[in-house]
Amino acid sequence: MNTAIGVTGLRKKFGDHVVLDGVDLHVPAGTIFSLLGPNGAGKTTAVQILSTLITADSGQVTVAGHDVAADPDGVRAAIGVTGQFSAVDKLLTGEENLRLMGELYRLPKQEITRRASTLLERFDLVAAGGKLASTYSGGMLRRLDLAMTLVGEPRVIFLDEPTTGLDPRSRRGMWEVIKDLVAGGVTVFLTTQYLEEADQLADRIAVLDHGRIVAEGTAAELKRRIPGGHVRLRFTNVRELDTAARILANATADQDSLTLTVPGDGSRRALKDLLDRLDDAAIEVDALTVHTPDLDDVFFALTGHTTIDQEATLS
Ligand SMILES: Nc1ncnc2c1ncn2[C@@H]1O[C@H](COP(=O)(O)OP(=O)(O)OP(=O)(O)O)[C@@H](O)[C@H]1O
Ligand SMILES: [Mg+2]
């Protein structure tokens, strides 16, 4: 698979404050990659470097096949960035904002009209397109902001906390839009503080903590890496429950619900092993559920602290 974003040994400090302390990332083309981290972890700094807005102190970064240091223009031509803070001009209408982007890309007038109307439609902004952006809701502004990023038809898109401050419904709407983008072949580099968002959207997740990647993998891989997962087995009668509890020494039985809780990562091998042992003893399992910890648990297990503001601990 082609590499859309490759980062090796990325370092950045502001004064003597080390913000990125040797970051390595690899994002295959056509996938969603999520950089997950609390306030002040260095997410925006990473996005700014990857999108050529600021330069790194050291390390190698390639985006869409171009080196950010040697060929920033090549990178810029291939990417779109939706920043943490909106680029929408509120004194213009939605449509005017989109047209302005088209002019910045020096697109022919007809093409600008075509792209603007396609995007207004796609982002459910047709009715609002002629109204001043100052009258838009937070969710509409986010959608317009992302639509503006797409005017240049970028192959790699950076979304810095695209749903922060949105209500659950608008957030879900944004997730659908992001999924559609990737289905259309673009690569998305997404930063978020929302564990559920990374879980929902990302093919791979990297957890950034104090300037270092402390874990990387799929949501399922990250969840498996930490203790706290368990398998719950339900039986049809107490006799079977008791027999199973004797066989599985580390399990906890609950007589009332006829369930047995077995610590484990829920991996295929562990499940097979568990069921084989019960099968050998001719015990029938009525129901089986696997409980994996959520990403909040993962963050705590990986870093020893919760996802609250890092700024206090950094400075
Ligand atoms: N231009 C700058 N000059 C000095 N310090 C900076 C600068 N930009 C960022 N920092 C500091 O670097 C650290 C990381 O900031 P960054 O904005 O990358 O974090 P973040 O992960 O995006 O946080 P948030 O979730 O709040 O957006 C913070 O402590 C911030 O104060
Ligand atoms: Mg940020």
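No lab work stands behind these numbers, since they all come straight from the coordinates. Every value quoted in this text rests on a predicted model; they were computed, and no experiment measured them. Glycine also receives a Cβ, built like all others from the backbone with ideal geometry; neighbour counts cover every protein chain displayed.
Some values worked out for this structure:
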| item | result |
| --- | --- |
| Exposure proxy order (Cβ contacts within 10 Å, fewest to most) of SER117, SER34 | SER117, SER34 |
| Ranked packing of 50-56, 142-148, most packed first, by mean Cβ within 10 Å | 142-148, 50-56 |
| Extended-chain gain in nm, criterion 0.36 nm per residue less alpha-carbon gap, ARG277 and LEU104 | 55.7 nm |
| Dipole in debye (nearest 20) - the range 228-292, about Cα centre, beta carbon charges: Lys, Arg +1; Asp, Glu -1 | 200 debye |
| Two-site FRET efficiency, ASP57 against ASP242, from Cβ-Cβ distance with R₀ of 41 Å, rounded to 0.05 | 0.05 |
| Radius of gyration and Dmax over the Cα atoms of the range 228-292, both given in Å | 10.5, 29 |
| Pairs of lysine residues in the chain - Cα separation under 28 Å, sequence separation of 8 or more or cross-chain | 12 |
| Local net charge near GLY152, Cβ-Cβ under 12 Å (Lys/Arg +1, Asp/Glu -1) | +1 |
| Per-residue ³J(HN,Hα) for the range 112-123, Karplus 6.51 cos²θ - 1.76 cosθ + 1.60, θ = phi - 60°, Hz, x for Gly and Pro | 4, 4, 4, 5, 4, 6, 4, 5, 4, 5, 4, 9 |
| Contour minus Cα-Cα distance for ALA70 and ASP124 (0.36 nm per residue) | 15.5 nm |
| The range 17-95 and the range 176-211: distance between their alpha carbon centers, rounded to Å | 14 Å |
| Neighbourhood net charge (12 Å Cβ-Cβ; Lys/Arg +1, Asp/Glu -1) for ALA202 | -4 |
| Estimated distance in nm for a label pair at ASP203 and ALA220, the labels positioned 7 Å out from Cα along Cα-to-Cβ | 1.5 nm |
| Karplus 3J(HN,Hα) series, Hz, for the range 141-146 with 6.51 cos²θ - 1.76 cosθ + 1.60 (x for Gly, Pro) | 4, 4, 5, 5, 4, 5 |
| Residue-averaged [θ]222 nm for the chain, counting only DSSP H segments that reach four residues, each worth -39500 (n - 2.57) | -11000 deg cm²/dmol |
| Assigned charges on the beta-carbon of Lys, Arg, Asp, Glu; the chain dipole about Cα centre (debye) | 720 debye |
| Stokes-Einstein D in µm²/s, Kirkwood radius over Cα pairs - the chain at 25 °C with 0.890 mPa s viscosity | 112 µm²/s |
